[in-house]
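Please treat every number below as a calculation from the coordinates, not as lab data. Everything numeric here is computed off the predicted structure, so don't read it as measured data. Cβ coordinates were reconstructed from backbone atoms using ideal geometry, including for glycine residues, and neighbour counts include every protein chain displayed.
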Amino acid sequence: MKSYASAYILQNKVTHARLLPTSSAHAFVYPTLSLLLPLSALESHALDLGLGRLFGYSAAGAPRMRVTGIRPEAYLLDYDPTGQQKSIRAKLEDVLGRFGHDAGQLEDAWMMTMPSYLGVEGINPLTVFYCYRKGGDGLWVVVLEVHNTFAERHVYVLQTGSEYEDKHIPPGFDHSWTFPRQFHVSPFNDRSGFYTCSIVAPSHSPSPPLPTVRIHLLTASPSKLKLSATLRSSAAVPLTAPHLFAALARQPFALLLSFPRIAYEAARLHYAKRLDVFARPEPRAVEPGLENATRCRKTAPATAWAGASAGSARARSSKYARRLTERFLEQRARETANRCRTRLHEPDVRSSTISKKLTITFRSSRFFTLLLACPSAPHALLLGRDAERLFITSDARLFTQIFSASTSSAEDTKRPTPPPSNPPHANGCNNTKNPNNDNFTIPPIHPLDTVPLPLPLPLARSARPALNFVCVLLLLALVRLEQALFGALRARFVRGDEPWGAWARAEAAQLRRRQLSRSGADSTEKETEERDEMSDEGEGRWTGSVWRRRK
């Protein structure tokens, strides 16, 4: 990549056109403002304006207050196992290395993004890193970082000149790739189908760089164009103080309008175009074995319309439930010869190893609140593993054995019984047995109630069940609040995808397992196949963010 004397302010036009279903066809066009920044110059503070107050790069952990700026925490996931905060370039090198590229060959990269404005970081739907290799003449790798309204992000890593680049590049574009969707963006689309990404790379001096990114969403089968989105730069001027002042004067709120525009167009699609909402799925696993094994269901209880307070309450409950579960597993490891290892799918969260015999692999911290709310281990397996596809275990019987109340810790310990989230469906599982001989009878003592609090002995035994009871009630109240809000807004989920319908899905999963049992299918063999898939991570390669098995 040639060195550039300055970065650029880009005037863009964003166009969206939804073609399917035809009855809900919809289109809109918005002007946007973004920056095109050489990464090395950005991080060396060579681009700072007004002593960094008008525009500047903040080192990891530094204060964010300035007119416009870039913070490394806002970009890319940090894969450092030590938990130390990294620069954007360091994280970009981690991403390239994770997807099989020699990060040491990275010379520099253009970064096209929307900066923060007055200390506020709005939703940044798409950030593009155009990576150039040392000694190379042209573009090497394109990294697309996609953000959604749930504060989640995902990267697609696309190499130019590779066997996976499209053979037929659309007229007017430099490169094009087609790859499976991996990330939930719009509530009006499920996660099936393919993207075709076509780009115009930033031009070299003396011409101003005018990049273009076009995304086509194709249905899975048969392949039809469902949605087209294009970000096209129409003008570029050097990033200087006068030009930045002029751009902000012309579009004073452009950097803050992403979410209001998304919400407005979503309301039009839902109420005027009558499109139903797909519930947010758990994010796809970065590790391919976990993704193959869990095959995530299309739902999760958190929705954007539930509001920030509900989200923060869920986060606190998840944190509490995780600490509680870890303490319980340590306690059980001391009491028995069994040990347990837990593993999150997020690349920035390290595995928590308690031992080697039982491996619980899960998608998110929602696993811990589910474990706390379910009345027994068999209920947790039915709801979290079979219905929601939230986690899997290496041994279901050992899971049930470990997550049983410890007799040595359970004396005088009993939690009040909260009202169930879905009484008909939850109770429908009681006093029955699934094909793995799991008893769904609700035990008198919840296993996580046996973890004592650091209080005097009489209080320690009674306070934990009461605290857990309050936490479960809070979770159930949030579910009911979410349901009431959607009802008040007259918002509609795709049938069967409602976040509060988890126990109905569990009941359906139990029925499917019974039918498999009658047909002679062995669910134990299925679990073995899933574990084999998880250990088969070396039998393939990463292309973009897609794991392709070796033939």
Highest-first arrangement of 510-518, 19-27, 172-180, where packing means the average Cβ count within 10 Å:
172-180, 510-518, 19-27
Per principal axis, largest first, the Cα atoms of segment 88-231 extend in Å by 43, 42, 32
Pairwise FRET efficiency - residue 191 versus residue 274, Cβ, R0 = 22 Å, nearest 0.05
0.55
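One-quarter of the Cα convex hull surface for segment 160-237, in nm²? Could the numbers behind the result be given before it?
Numbers: hull surface 26.5 nm².
Answer in nm², one decimal: 6.6.
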Ranking request for peptides 35-43, 486-494, 382-390: highest mean number of other beta-carbon atoms within 10 Å first, then the rest in descending order.
382-390, 35-43, 486-494
Under 15 Å from a point placed 7 Å out from the Cα of residue 469 along the Cα-to-Cβ direction: which residues of segment 364-404 have their backbone N that close?
none
For segment 129-134, take each phi angle, set θ = phi - 60°, evaluate the Karplus expression 6.51 cos²θ - 1.76 cosθ + 1.60, and give the result in whole Hz per residue in order, putting x for glycine and proline.
10, 9, 9, 10, 9, 4
Set the Förster radius R0 to 56 Å, insert the Cβ-Cβ distance between residue 173 and residue 357 as r into 1/(1 + (r/R0)^6), and round the FRET efficiency to 0.05.
0.60
Phi-derived 3J(HN,Hα) across segment 137-150 with the Karplus relation (6.51, -1.76, 1.60, θ = phi - 60°), rounded Hz, x for Gly and Pro, is 9, x, 4, 9, 9, 10, 10, 9, 9, 9, 10, 10, 7, 9
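Please compute the length gained on full extension between residue 228 and residue 441, using 0.36 nm multiplied by the number of residues separating them and subtracting their Cα-Cα distance.
On the way: separation 213, 0.36 × 213 = 76.68 nm, distance 5.11 nm.
Net length gain for the segment: 71.6 nm.
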I need the phi-derived Karplus couplings for segment 116-122: 6.51 cos²θ - 1.76 cosθ + 1.60, θ = phi - 60°, integer Hz, Gly and Pro marked x.
5, 9, 6, x, 9, 9, x
How far, in nm, would the chain grow between residue 267 and residue 483 when pulled straight, counting 0.36 nm per residue and subtracting the alpha carbon separation?
76.0 nm
So who's got an amide H within less than 5 Å of the one on residue 7, skipping anything under 5 residues away but keeping other chains? H placed 1.01 Å off N, in plane.
239
